[in-house]
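Worksheet: the structure to be examined is printed underneath.
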Amino acid sequence: MKIATIIGTRPEIIKMSSLLPSFDEQFEHILIHTDQHYSYELDQIMFEQLQLKKPKYRLSTNKNNSAVQLGDMILQISEILEKERPDVVVVHGDTNSTMAGAIAANKLKIKIVHVEAGCRSNNFEMPEEFNRIVADHLSNILFAPDKVAVDNLRRENISEEKIKLVGSTVFDYSQRNKNFANKAILSQLNLAEGKFIVATLHRQESVDNTIIVKDLLAALGAIAEKIPVVFPIHPRTQKAITDNKIIIEKKIITTKPLGYLEFLALLQNCRFVMTDSGGIQEEASAFNKPCLVLRDVTEWSRLVDAGKNFITTTKKENILIQAERLLNDAELTRVREIRYANDAGASDKIIRILKTTNSTPELF
């Protein structure tokens, strides 16, 4: 079976890093990179650090206009798929690359597999919500990470035979990649294990809103008065800071975007995490680190329901209340001792199902 995988962002590379080597081994596999978020720090370095085969195709797409970028992707992906004629196109998650890949494959009548299907925030202010819904409804096989995702798909009347509950790949890629973690970053930033917080902000609905981004950064500044806060600044966030002339509290330890292996070392050794990232919410759980979700809603509600993650909203006062709880040793211990089902093995399940599907094409 010939598979074409379409990715375009750093989180997709990370989340697919337990699957891509298996695709190379088990199938005729081509990797298409849409260039959605391309930069050396955020993207190209990932293939080097995680020892992944580089993409066969790298597109050139508009980064200044989301609608134009989507059109560019669909056109260029379509041309590649017509040339390569894969049996299956694999997309992941909820990016523009996900939706573009699904649309291009659908128009060419190529079967579509969606990894991390069924996630819903029910917040239509988030562009990602439309992307994941479109991809799900165009897909032939939907690999759901949890029962919540399965229930979402059922409510949207997606055929039961298309839905495959496999678990999340987060445990697989976290276990694989932790061996590559670059712990030198701890000494470089003068950090002690368990004595700092790591924070990230990058989502459009967070950093493109002046009131919200100022409140979020003010909250980080207030927390940094009590414990070191390491804050790698995403390019989108840096632009918002520069454009709005926001002054960052000096006690916040700011860095340029870090390589994943450096960030992984911070994640493994921090006290807890603060983020608006969906991927980091999951990765925190894989390393049993409590996570404050700097959003009003999350697609990873199972982690909130389990008591491992906490939605703070984007308001400073709410964030500080939740952070104060986790600065208490007894509360931190209580959260970390909560039992949570580890669904390791999702990557192997996906490979087995795809191989079975290849031998019984009527499942498509």
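(1) of a type outside the set (Phe, Trp, Tyr); (2) outside the structural domain of Phe287 (by TED's automatic domain parsing); (3) surrounded by fewer than 16 Cβ atoms within 10 Å (Cβ to Cβ): which one isn't true of Ile158, the others all being true?
(3) is the only condition that Ile158 fails.
If only one of Glu28, Glu12, Glu48 is more than 29 Å from Thr237 (Cα to Cα) and either modelled with pLDDT of 85 or more or not hydrophobic (A, V, I, L, M, F, W, C) (or both), which one is it?
Exactly one of Glu28, Glu12, Glu48 is more than 29 Å from Thr237 (Cα to Cα) and either modelled with pLDDT of 85 or more or not hydrophobic (A, V, I, L, M, F, W, C) (or both), namely Glu28.
Have a look at Val230, Val213, Val273 and point out the one that is in the same structural domain as Lys316 (by TED's automatic domain parsing) and more than 18 Å from Leu326 (Cα to Cα).
The conditions single out Val213.
Would you check if there is a residue in segment 69-85 being at pLDDT 95 or above and either under 20 Å from Arg236 (Cα atoms) or hydroxyl-bearing (Ser, Thr, Tyr) (or both)?
Scanning segment 69-85, I find at least one residue that is at pLDDT 95 or above and either under 20 Å from Arg236 (Cα atoms) or hydroxyl-bearing (Ser, Thr, Tyr) (or both), so the answer is yes.
Could you tell me whether Thr313 is hydroxyl-bearing (Ser, Thr, Tyr) and either buried (at least 20 other Cβ atoms within 10 Å of the Cβ) or within 25 Å of Arg120 (Cβ to Cβ) (or both)?
Yes.
Only residues in segment 258-277 that are among the hydroxyl-bearing types (Ser, Thr, Tyr) count as the first member; pair them with residues that are in a helix (DSSP H, G or I), Cβ under 7 angstrom, at least 6 apart or cross-chain, and list the lot.
Tyr260/Ile14; Tyr260/Met46; Tyr260/Gln49; Thr275/Gln281
Checking Thr255 against (1) hydroxyl-bearing (Ser, Thr, Tyr); (2) more than 25 Å from Asn64 (Cβ to Cβ); (3) buried (at least 22 other Cβ atoms within 10 Å of the Cβ), which test does it fail?
Checking Thr255 against (1) hydroxyl-bearing (Ser, Thr, Tyr); (2) more than 25 Å from Asn64 (Cβ to Cβ); (3) buried (at least 22 other Cβ atoms within 10 Å of the Cβ), the one that fails is (3).
Here is a list of conditions, (1) in a helix (DSSP H, G or I); (2) modelled with pLDDT of 95 or more; (3) closer than 13 Å to Gln268 by Cα; (4) not acidic (Asp, Glu), and Asn179 meets all of them except one; can you say which number that is?
Among (1) in a helix (DSSP H, G or I); (2) modelled with pLDDT of 95 or more; (3) closer than 13 Å to Gln268 by Cα; (4) not acidic (Asp, Glu), Asn179 violates only (2).
So for segment 121-133 (the condition being more than 16 Å from Lys15 (Cα to Cα), at pLDDT 95 or above and crowded, with 22+ Cβ neighbours inside 10 Å), does at least one residue qualify?
There is no residue in segment 121-133 that is more than 16 Å from Lys15 (Cα to Cα), at pLDDT 95 or above and crowded, with 22+ Cβ neighbours inside 10 Å.
Rundown of residues vs (1) within 18 Å of the chain's Cα centre (by Cα); (2) within 19 Å of Thr356 (Cβ to Cβ), yes/no style:
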{"site": "Ser121", "(1), (2)": "yes, no"}
{"site": "Arg132", "(1), (2)": "yes, no"}
{"site": "Ile141", "(1), (2)": "no, yes"}
{"site": "Ile158", "(1), (2)": "no, no"}
{"site": "Lys162", "(1), (2)": "no, yes"}
{"site": "Gly167", "(1), (2)": "yes, yes"}
{"site": "Val170", "(1), (2)": "yes, no"}
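Please specify each residue of segment 97-116 satisfying the condition of being buried (at least 24 other Cβ atoms within 10 Å of the Cβ) and either under 18 Å from Thr61 (Cβ atoms) or not aliphatic (A, V, I, L, M) (or both).
Once the filter is applied, which keeps residues that are buried (at least 24 other Cβ atoms within 10 Å of the Cβ) and either under 18 Å from Thr61 (Cβ atoms) or not aliphatic (A, V, I, L, M) (or both), segment 97-116 yields Ser97, Thr98, Ala100, Gly101, Ala102, Ala104, Ala105, His114, Glu116.
Quick one: count up the residues across segment 84-119 that are closer than 22 Å to Lys349 by Cβ and either among the charged types (D, E, K, R) or out of contact with any strand residue (DSSP E or B) (no Cβ under 9 Å at 6 or more places or on another chain) (or both).
4
Which pairs do you get when a residue that is at negative phi, found in segment 171-199, comes within reach of a residue that is in a loop (DSSP other than H, G, I, E, B) and among the polar types (S, T, N, Q), reach meaning Cβ atoms under 6 angstrom, with the pair 6+ apart or on two chains?
Cβ pairs passing all conditions: Phe171/Asn342; Asp172/Ser18; Tyr173/Ser17; Tyr173/Ser18; Arg176/Ser18.
Here is a list of conditions, (1) surrounded by 14 or more Cβ atoms within 10 Å (Cβ to Cβ); (2) free of Cβ contacts under 8 Å to residues at least 40 places away in the same chain, and Ser60 meets all of them except one; can you say which number that is?
Tallying (1) surrounded by 14 or more Cβ atoms within 10 Å (Cβ to Cβ); (2) free of Cβ contacts under 8 Å to residues at least 40 places away in the same chain, Ser60 fails exactly one: (1).
Taking the condition of being touching a residue at least 40 places away in the same chain (Cβ under 8 Å), in a helix (DSSP H, G or I) and either in contact with an Asp or Glu (Cβ under 6 Å, 6 or more places away or on another chain) or loosely packed, with under 15 Cβ neighbours inside 10 Å (or both), how many residues in segment 205-234 meet it?
Qualifying residue count for the region: 2.
The values are calculated or read from the model by the stated rules, or taken from the named source; none is laboratory data. Source: prediction; values computed, not measured. Reconstructed Cβ throughout: ideal geometry from the backbone, glycine too, with neighbour counts over all protein chains shown.
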